[in-house]
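Trainee: My questions will all concern the structure given below.
The values are calculated or read from the model by the stated rules, or taken from the named source; none is laboratory data. Since the structure is predicted, the reported quantities are computational estimates derived from the model, not experimental observations. So basically every Cβ, Gly included, is an ideal-geometry build from the backbone, and we count neighbours across all protein chains shown. To get the accessible areas, we keep the full protein, side chains included, count just its heavy atoms, and leave off ligands, DNA and RNA. Shrake-Rupley method; radii C 1.70, N 1.55, O 1.52, S 1.80 Å.
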Amino acid sequence: ENGRASLAPLVQAGELERLMREGRTTSARSAAASAVAKLGLAAKALKAGSHETGKLLDAAAQLLKDEDSACKDRAIEVLAGLSGSSRAKEEIAHGSGRSAASLCSICDVAKQTKGSDPRAYGLALILANLTVTNDELRRRHFREKEMDISPEQYDEFMRITKQKDPEDADNDTPDLAKARARKLCINDGVVAIATLASSNPSSETASKLADALCALATDEAMRGTLIQQGGFRSAVNLANNDKNDDRCRLSAAHAAGKVLITTDPRKLTDDQQLCAIRPLLWACRHVKATDLAVFEQLLALTNLLSLGATARRRVAVEKGIHA
């Protein structure tokens, strides 16, 4: 952070941008791209539609295909920083005239990465951001902080006090987020999430993976894919892991509950039929579970109880009757 001021002359002269474009080695190009992204994000100078952002997205998309692990790490770092922008999300998923789509490469890298690796959090952050709108992220933040002001009131305050740049208008919609989520599934994104979730991710990484699974489970058409490609089992495991924080476990349990609402439990394996009962009951008891989450988890439990005596016994063993 203290060294950013010393890089200002290089930025103003365009040297970092030139090195990002014309560097002799991929390592040099990736380092320059990472530096430009960090400086721009720190100074809040990178606008979604800016020429520089387009170059960074395209450079990162190319670097992800490089064999050098360090180049991939820096590309993930750049994309993770930019993935908070709605326009950047669309370009990461679908590409544009100024940058190639990088979602397929992101999923390929994630499938080769352990959850305990340093790059895992960046990958999980990108996947979580792609599957949801920024408006939903803000609403979730306000809800978790139990703030007295609504997101709409906050936006109005920012507008009146002129603290919000008109160019920062968010044009993302639930339909665009759903299209990105489906594109993620097509590119083996569920397999990528399951791979990261099954290899000892940190609490922060696990939380982002749970958010991604919950967002994917919102689309009924993708619930079968979650079961087939390991996403459902990953959600159950994340919710059952006491080492994860409650926010992660609640999100993961909600994902499992959503899947089970519309799934015929008789088509699941014996293990899949009963493994979700414990985390669903735990989430229903939790004081910070939302009303919607509790309702959907109770629907899921009702569906599982249709299996008969075995499911009812499991609920009794987990003290679900008292709950």
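Trainee: Taking only protein heavy atoms and a 1.4 Å probe, what accessible area per residue, in Å², does region 65-116 have with all protein chains in place?
Mentor: 39
Trainee: Given the peptides 226-236, 194-204, arrange them by the average over their residues of other C-beta atoms within 10 Å, most packed first. Walk me through the numbers before you get to the answer.
Mentor: Working: 226-236: 23.0, 194-204: 19.3.
The packing order, highest mean first, is 226-236, 194-204.
Trainee: How high is the relative contact order of region 79-137, in percent, counting Cα pairs under 8 Å that sit 6 or more residues apart?
Mentor: On the way: 41 pairs, mean separation 21.7, N = 59.
Taking the mean separation of contacting Cα pairs over the length of region 79-137, I get 37 percent.
Trainee: Kindly identify region 241-304 as rounded, prolate or oblate by the Cα gyration tensor criterion: order the square roots of the eigenvalues as a ≥ b ≥ c, call it rounded if a/c is under 1.5, otherwise compare a/b with b/c, prolate if a/b is larger, else oblate.
Mentor: oblate
Trainee: May I ask for the net charge around Ala217, where only other residues with Cβ less than 10 Å from the Cβ of Ala217 are counted and Lys, Arg are +1 while Asp, Glu are -1?
Mentor: Computed value for this residue: -1.
Trainee: Going highest first, how would you order 102-108, 212-218, 283-289 by mean Cβ packing within 10 Å?
Mentor: In decreasing order of mean packing, 102-108, 212-218, 283-289 become 212-218, 102-108, 283-289.
Trainee: I'd like the carbon and sulfur percentage of the solvent accessible area for region 186-323, probe radius 1.4 Å, heavy atoms only, ligands and nucleic acids excluded.
Mentor: Result for region 186-323: 52 percent of the exposed heavy-atom area is carbon or sulfur.
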